[in-house]
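The values are calculated or read from the model by the stated rules, or taken from the named source; none is laboratory data. Since this is a predicted model, take the numbers as computed values, not measurements. Neighbour counts are summed over all protein chains in view; Cβ atoms, including those assigned to glycine, are modelled from backbone coordinates with ideal geometry. Ligands, DNA and RNA are excluded from the accessible area calculation, which covers all protein heavy atoms including side chains. Shrake-Rupley method; radii C 1.70, N 1.55, O 1.52, S 1.80 Å.
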Amino acid sequence: SYLTFQQCSNLTTRGCYIHLFVCRSQRSSLSLVDSAGRVSEEIPLNPSDYCPYSATGNATGGVVYANYGRPEDFKWLKREDVSVAGCVVVMRVGGGVSFAEKVWLAEKNGASGALIYPDPADVPQDPRRLGLNTHTVHLGSGDPFTPGFPSFNHTQFPPIQSSGLPLIPALVTHSAVLCLSQLTGPSCPRPWQGRLPYVRCVVGPQFSNGRRVQMSVQNVMKPILLNNIFSSLEGRVEPDQYIILGAQRDSLGPGAVKSGVGTAILLELARTFSAMVKKGFSPRRSLLFVSWDAGDFGNVGATEWLEGYLSMLHLKAVAYFSLDQAVMGNRVLSAYTSPLLVDLLDAAIRQERAYPFINTPLDSVSRLQEVLGGRLGVTGRSLGELVGEMVLRLAHDHILPLPHLFECFYSCLNLSLSCDLCVCVQSRGLSPQWVFSARGDYSRAAETLTACLLMCILQVEYYFLSQYVSAVETPFRHVIHGRGNHTLSALTEHLGLLTSDPGRFDESSFRRQLALFTWTLQGAANALNGDVWSIHNMHRFTH
């Protein structure tokens, strides 16, 4: 269904059309086979539960249970000499790890396939009643066949695909007990023990009766036309500076929390601001209300629009408010934000217990009302008022309320660029002076800025996107909050190998990591400073 904002006068509406491929499951299967490869038992699959963007193909082998499939879980298996190479890795839903990360880590450790299931210890309801719906296993966002650039208006691009697409097949099932109950091997750590009936927690990879698991994924790719819906209120003084509010519109299940609540709040905020304009309110900056399509396939609608207008958004987007999953069935406020907006949230704490029905057929309005004790309307209104207050301040105030602009970035750098780094790199004949000098330049440049320098403020996050990795190959390029070998966390993790596993430390790779991170940091300092005459660097070349 398509939303419009026609009831909101003073708002303009237009569509953004995106062309991408979505994969749908055809004839996928899961079974136990004997030593001769004959099927001895079929394991039931729900036809509506599949993993979009899973690799198509077959995998046959033993089974290794890897708890939640987190990095530390695979490290434990390695310490216990349990190899997942050539095996199907079984992982349970949750643990703070997305389906995509679970499959990527299984593949990285040599698995031939990935099987994900909901354990009763994590899903309070009877898992036999719950569908898992779809969970994309693309380790990235947007259309995985136009990575780093937009797929607008059926434009023809050369064949290319995201490096975040898995190379192994992945399935979801509610019948993992049929695999795990027959495993032999080392016992699991106590925290790994779930609540599946008749399962003695061991990690495998062998079956007590000599069987193996055989899985087959036959996903089919289809082109789909998407529609993002945009509405705007033009600012009075700085109309080319945008405050954006967005919500996912689609859901493959009932989606009360997944898409319904966020869409309702988005519409209500649009109606409220429109009514304020009718009564004389005129925002200083422009407001943009967006209903995104294809969120369930990896925020495709939002990402493709972002890729299409990346240069403009770097210069003109003040802030983005995501209304997705705005009400999660409890009375605890939870907020996640860029460090630049921390001061705008003076009452944000972590949520105690997740809404258990998300991504299931039970994510209905009636079930959400039941969890909230009939207070869905009141809760949604309160959340809308909170977001509205923050948007109002950003849209109206002459000086943006971002006084502690750089503190979090600087504290992150202080945390990792410690004396340990100094001692370790010096022991390898390296000098840490360059990186500490870059940090000092950044700190001094940040201190000279004031909140009224809006153009600099809008560029801060941009400066921390690494220029030395490809947006096609590495979609999360932020050196502090991103993911990949270019990040500060990857640098410090590699450094930690000097004490934990010296044989795996690669001095050449570390030198490259350190140099590229330092140049990113120095580039941010140079850009914030803006005065080429006060930059003191010595450049050397080899001849």
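At a glance:
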| quantity | calculated |
| --- | --- |
| Measure of compaction for the stretch 142-279 (Cα Rg per 2.2 N^0.38 Å) | 1.72 |
| 5 angstrom amide H check on residue 317, placed H, neighbours 5+ away | 242 |
| Carbon/sulfur fraction of accessible area - the stretch 24-219, other protein chains in place, 1.4 Å, % | 49 percent |
| Largest to smallest accessible area among 489, 274 [probe 1.4 Å] | 489, 274 |
| Distance between the stretch 32-48 and the stretch 72-97 - C-alpha centres, whole angstrom | 22 Å |
| The stretch 24-219, Cα convex hull volume normalised per residue, Å³ | 128 Å³ |
| Within-13-Å neighbourhood charge of residue 88 [Cβ basis; K, R +1; D, E -1] | +2 |
| Long-range HN-HN contacts of residue 55 with modeled amide H, under 5 Å | 168, 170 |
| ³J(HN,Hα), Karplus 6.51/-1.76/1.60, whole Hz, each residue of the stretch 96-112, x for Gly, Pro | x, 10, 6, 4, 4, 5, 4, 5, 4, 5, 4, 4, 4, 8, x, 5, 9 |
| By accessible area with a 1.4 Å probe, ligands and nucleic acids excluded, highest first: order of 508, 470 | 508, 470 |
| Under Karplus coefficients 6.51, -1.76 and 1.60, residue-wise ³J(HN,Hα) of the stretch 167-178 in Hz, glycine/proline x | 9, 10, x, 9, 9, 10, 8, 9, 10, 5, 4, 5 |
| Per-residue HN-Hα couplings for the stretch 282-295 [Karplus 6.51, -1.76, 1.60; θ = phi - 60°; Hz; x = Gly/Pro] | 9, x, 5, 10, 7, 10, 10, 9, 10, 9, 8, 9, 6, x |
| Among 164-175, 44-55, the order from most to least packed when residues are scored by Cβ within 10 Å on average | 164-175, 44-55 |
| Fully extended contour minus Cα-Cα distance, from residue 381 to residue 29, at 0.36 nm per residue | 122.2 nm |
| Area accessible to solvent at residue 390, 1.4 Å probe radius, in Å² | 20 Å² |
| Other-chain or far-sequence residues with amide H under 5 Å of residue 40's (modelled H) | 32, 33, 34 |
| Taking only Cα atoms of the stretch 27-88, radius of gyration then Dmax in Å | 14.2, 38 |
| Residue order for 102, 222 - accessible surface, 1.4 angstrom probe, largest first | 222, 102 |
| Percent accessible area from carbon and sulfur atoms, the stretch 275-322, protein chains only, probe 1.4 Å | 58 percent |
| Potential lengthening between residue 369 and residue 392 on full extension [0.36 nm per residue; Cα-Cα distance subtracted] | 5.4 nm |
